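The values are calculated or read from the model by the stated rules, or taken from the named source; none is laboratory data. Please read all numbers here as calculations on a predicted model, not as lab measurements. Cβ sites come from the backbone with ideal geometry, for glycine too, and all protein chains shown count toward neighbours. Note: accessible area is taken over every heavy atom of the protein model, side chains too, but ligands, DNA and RNA are not part of it. Shrake-Rupley method; radii C 1.70, N 1.55, O 1.52, S 1.80 Å.
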Amino acid sequence: TFDAWVDPPDYTGRPPVYFKGQQTVDIPAGSELVARIQGIKDAPRLKLKRGGIFGTKYLPLKRLGPDSFEARTILEKSASAEWRVGTKRRIWNLVVFPDTAPQIDWVIEPKADKRDRLSFQYSLKDDYGVVGLSLEMTLLEDGDAKDRVVVPLTGKSVRESKGTDTVLDLT
């Protein structure tokens with residue numbers, strides 16, 4: 001029997017991707033392909049093709065039991081994986097899409113409010129969610145002295161926030 005799935009990177013918060021009868025799946029960059037084969041005594045070879053004439057390699061196998069093997073690899077680019085045992089073949093196509101960098105913009109520039117707190121408004125967006133946000137500040141008189149202040153977010157992981165009002169007491 002052949003079995004395979006993909007574990008997306010932890011930071012995506014996505015569950016494992018199972019093929020469920022499909023030959024092709026879309027996965028985030030940095031995902032780990034896990035392919036297992038059972039019911040054979042001798043180790044087969046798992047071929048990974050990444051495009052181009054030099055893009056083929058065979059993945060190392062780990063023996064899981066007397067008749068089972070596993071291969072794992074991290075994928076940064078689209079590829080196909082193929083087991084071949086005698087006349088039986090199994091091919092999985094993995095379409096890798098890149099992670100986009102978070103975008104953050106000032107809606108209202110930072111300024112002091114009536115209580116001398118730092119007040120500003122920002123918008124942010126990220127494909128998997130922002131889990132932390134901070135401001136790095138530098139004194140105008142001393143460009144080497146930097147301070148970092150954590151900006152509270154509205155949740156554990158924020159995918160999008162538009163015009164979020166924030167007030168920080170830096171006294």
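Results, tabulated for the structure shown:
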read-out	value
Correct choice for log10 I(q)/I(0) by the Debye sum over Cα atoms at q = 0.08, 0.18 Å⁻¹ that was computed from the model, options [x] -0.29, -1.16; [y] -0.24, -1.19; [z] -0.44, -1.09	[z]
Accessible area in square angstrom per residue, the chain, 1.4 angstrom probe	67
Whole-percent carbon and sulfur share, accessible surface of the chain, 1.4 Å	50
Cross-link pairs beyond the 19 Å C-alpha cut-off, checked among Lys125/Lys146; Lys20/Lys156; Lys20/Lys49; Lys47/Lys77	Lys125/Lys146; Lys20/Lys156; Lys20/Lys49
Simple Cβ-charge dipole of the chain, Lys/Arg +1 and Asp/Glu -1, about Cα centre, in debye nearest 20	1540
Farthest toward positive dipole pole in the stretch 70-148 [+1 Lys/Arg, -1 Asp/Glu at C-beta], among Ser123, Leu139, Asn93	Asn93
Furthest towards positive pole of dipole, Ile104, Ala43, Phe19, structure part the chain, Cβ charges	Ala43
Antiparallel bridge percentage (DSSP; both residues within the chain; nearest 5)	90
Choice from Thr154, Thr12, Thr87 showing the highest fluctuation, given a GNM over the chain with Cα pairs closer than 10 Å	Thr87
